[in-house]
Amino acid sequence: MITKDGRFAYEAAGDPDATPLIFLHGIGGAARAWRQQLARFSTKFRAIAWDMPGYGGSAPLASVSIAALADALQQFIEQLGATTPILVGHSIGGMIVQKWLAQSPKLARAVVLAQTSPAFGKADGDWQKSFIAARLGPLDRGETMKSLAPSLVKELVGDDPDPKGMELARECMASVREASYRAMMLALMGFDQRSTLQDISVPTLLLSGSKDNNAPATMMAKTATFIPTAEYVELAGVGHLANLERPDAFDEALGRFLNSVATKT
């Protein structure tokens, strides 16, 4: 599906009048990475997953930054008429949600920050530079997203991942446009929302994987202590792609949180 303004492609399932539940994928993802969740949660929600700008059928941004992506998210929400949504942001999707929340603290009913971070640190930091170099170096040397997809996905996952989920993860990664992948990686540089964590006032779930090297569980557990409304859940043995690696465990944790939000409101 495409929004009325033609800018955003998305997948959706469920009653259009139900509470919107919006899923935001990571740098190597796509709307279709959330298909199991769309099917599972469409019985109670209007479950929606966007293709991030520059991905799938969504138009790229003229200039990519987390702030610009948060503005795009707000425009997407307005296009859908999705009032008081629950947002589930994975990885960079969770960074976009944090930035959006800082600008629109009262617009969400609840948020899930899945395997994400409140900061990527200094734009000129050594760790940040080596992280970017490790990911963009192979492209500079002539590899393609398609040729890199199997190894990139393998590095991200934990123990005993679901084979169908891994196939979908590789397919999503292979289909990412190189220009979009590069732009999103560079958009991470300098991202820092640590100072706004204390201002998050909606029910918040922080979901981590014990084997996640990109958003380590210890860092996510610490982040949760700065958010007054936070609940923290760690999935054992899971790497960075929880909803694809262990879809049932991910859905169970998300389902419990959504049920608790329903009882609170």
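Restricting the search to region 50-64, which residues are open to solvent by 40 Å² or more (accessible area, probe 1.4 Å) and of a type in the set (Ser, Thr, Tyr)?
Once the filter is applied, which keeps residues that are open to solvent by 40 Å² or more (accessible area, probe 1.4 Å) and of a type in the set (Ser, Thr, Tyr), region 50-64 yields only Ser63.
Across region 203-223, which residue is farthest from Phe131 (Cα to Cα) among those that are hydrophobic (A, V, I, L, M, F, W, C) and assigned to a strand (DSSP E or B)? It would help to see each step written out before you state the result.
In the first step, residues of region 203-223 are kept if they are hydrophobic (A, V, I, L, M, F, W, C); the result is 205-207, 215, 217, 219-221.
Applying the additional criterion that residues be assigned to a strand (DSSP E or B) yields 205-207.
Working: Leu205: 27, Leu206: 23, Leu207: 22 Å.
Here the residue is Leu205.
Pick out the one residue from Ala9, Ala30, Ala59, Ala18 that is at pLDDT 95 or above and under 22 Å from Gln115 (Cβ atoms). Can you show your working first?
Details: Ala9 fails: under 22 Å from Gln115 (Cβ atoms); Ala59 fails: under 22 Å from Gln115 (Cβ atoms); Ala18 fails: under 22 Å from Gln115 (Cβ atoms).
Of Ala9, Ala30, Ala59, Ala18, the one residue that is at pLDDT 95 or above and under 22 Å from Gln115 (Cβ atoms) is Ala30.
Going residue by residue through region 125-137, is there one that turns out to be at pLDDT 95 or above and open to solvent by less than 40 Å² (accessible area, probe 1.4 Å)?
yes
Hey, can you tell me all the residues within region 141-174 that are more than 23 Å from Arg246 (Cβ to Cβ) and either under 19 Å from the mean Cα position of the chain (by Cα) or among the β-branched types (Val, Ile, Thr) (or both)? Write out each step before concluding.
The first filter runs over region 141-174 and keeps only residues more than 23 Å from Arg246 (Cβ to Cβ), leaving 141-148.
The answer is Thr144, and nothing else.
Just need a number here: residues in region 1-26 that are crowded, with 23+ Cβ neighbours inside 10 Å and β-branched (Val, Ile, Thr).
1
Looking at Lys99, is it in a helix (DSSP H, G or I), of a type in the set (Lys, Arg) and open to solvent by 10 Å² or more (accessible area, probe 1.4 Å)? Reasoning before the result, please.
Values: in a helix (DSSP H, G or I): yes; of a type in the set (Lys, Arg): yes; open to solvent by 10 Å² or more (accessible area, probe 1.4 Å): yes.
Yes: the conditions hold for Lys99.
Residues Ser195, Ser151: which one is modelled with pLDDT of 95 or more, outside any strand (DSSP E or B), over 24 Å from Gly56 (Cα atoms) and of a type outside the set (A, V, I, L, M, F, W, C)? Full working, then the answer.
Values: Ser151 fails: over 24 Å from Gly56 (Cα atoms).
The unique qualifying residue is Ser195.
Can you list residue pairs whose Cβ atoms sit under 9 Å apart, with the first residue in region 219-241 being free of Cβ contacts under 8 Å to residues at least 60 places away in the same chain and among the acidic types (Asp, Glu) and the second being surrounded by fewer than 18 Cβ atoms within 10 Å (Cβ to Cβ) and part of a loop (DSSP other than H, G, I, E, B)? Count only pairs 6 or more apart in sequence or on different chains.
Qualifying pairs under 9 Å: Glu234/Ser210.
Being over 26 Å from Tyr55 (Cβ atoms), open to solvent by less than 60 Å² (accessible area, probe 1.4 Å) and out of contact with any helix residue (DSSP H, G or I) (no Cβ under 8 Å at 6 or more places or on another chain) is the filter here, so list the residues in region 178-218 that pass it.
Of everything in region 178-218, just one residue is over 26 Å from Tyr55 (Cβ atoms), open to solvent by less than 60 Å² (accessible area, probe 1.4 Å) and out of contact with any helix residue (DSSP H, G or I) (no Cβ under 8 Å at 6 or more places or on another chain), namely Ala217.
Which one of the conditions (1) closer than 18 Å to Ala30 by Cα; (2) touching a helix residue (DSSP H, G or I) at 6+ places or on another chain (Cβ under 7 Å) does Glu231 fail to meet, given that it meets all the rest?
Here Glu231 meets the rest and fails (1).
Can you give me the number of residues within region 108-124 that are at pLDDT 95 or above and not in a strand (DSSP E or B)?
6
Of the conditions (1) of a type in the set (Val, Ile, Thr); (2) open to solvent by 20 Å² or more (accessible area, probe 1.4 Å); (3) assigned to a helix (DSSP H, G or I), Val261 satisfies every one except a single condition; which number is it?
(2)
Would you confirm whether or not region 71-85 contains a residue that is modelled with pLDDT under 95 and either surrounded by 22 or more Cβ atoms within 10 Å (Cβ to Cβ) or over 18 Å from Ala30 (Cα atoms) (or both)? Break it down stepwise before answering.
Step one: list which residues in region 71-85 are modelled with pLDDT under 95, which gives 83.
Add one more test, that the residue is either surrounded by 22 or more Cβ atoms within 10 Å (Cβ to Cβ) or over 18 Å from Ala30 (Cα atoms) (or both), and what stays is 83.
Yes, region 71-85 contains at least one residue that is modelled with pLDDT under 95 and either surrounded by 22 or more Cβ atoms within 10 Å (Cβ to Cβ) or over 18 Å from Ala30 (Cα atoms) (or both).
Answer yes or no: is there a residue in region 222-242 that is crowded, with 20+ Cβ neighbours inside 10 Å, under 20 Å from Ala70 (Cβ atoms) and of a type in the set (Gly, Ala, Ser).
no
The values are calculated or read from the model by the stated rules, or taken from the named source; none is laboratory data. Just so you know, these numbers come straight off a predicted model, no measurement behind them. A quick note on method: Cβ atoms are made from the backbone with ideal geometry, for glycine too, and the neighbour counts reach across all protein chains shown. Protein only, heavy atoms only, side chains kept; ligands, DNA and RNA dropped before computing areas. Shrake-Rupley method; radii C 1.70, N 1.55, O 1.52, S 1.80 Å.
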